[in-house]
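Remarks on the structure that follows.
Just so it is clear, none of the values below were taken in a lab; they were calculated from the coordinates. Because the structure is a prediction, the values reported are computed rather than measured.
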């Protein structure tokens, strides 16, 4: 009888075996190992940059039952409230980040959680940046998933955009949140 230990770390599958009752060793993987190795990582991480290319920090995206959770820490943004949204294309060409395209909106709604005809699935709460230019990000989209129904991670990826000013959660198409000041490319197909 062989005993197996299977560990998944950041999408990497590790399988180890111990000696069985007869003392023999085996390197045969468990039947579930191939399926686990083929499964995509349940979360993805993006590095956010400003228009000059300076790294501002990392955000991790994870599927939840209600939408996509976004968490991380950003530094170097101007103090105050900033709109944050998912955008359609996985491109972040500075300085204006227009290459990220429009808001991710697979349900074809208007912008904003306070808009009776909204929200976009890529709408998120404002990011609050302190006087030290640091923000701790903890947000969840109003729906969608990384992979599966209303999938964010299609063939060209997506982007997370931080805007210059606060989102009013109502005005279509972007909540009056101003220019795009930071961008992170999201991939993980």
Worksheet, complete the sentence: Reduced to Cα centres, the span from the range 75-119 to the range 129-189 in Å works out to 5
Worksheet, complete the sentence: Expressed as a whole-number percentage, the relative contact order of the range 43-186 with C-alpha contacts under 8 angstrom and at least six residues apart is 30
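For the range 91-144, what relative contact order do you get, as a whole percent, if you take Cα pairs closer than 8 Å and at least 6 residues apart?
Values: 65 pairs, mean separation 12.6, N = 54.
About 23 percent, as a whole number.
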Practice prompt. State whether the range 43-186 is rounded, prolate or oblate according to the following rule on the C-alpha gyration tensor (a ≥ b ≥ c being the square roots of its eigenvalues): a/c under 1.5 gives rounded; otherwise a/b larger than b/c gives prolate, and the remaining case gives oblate.
Written response: rounded
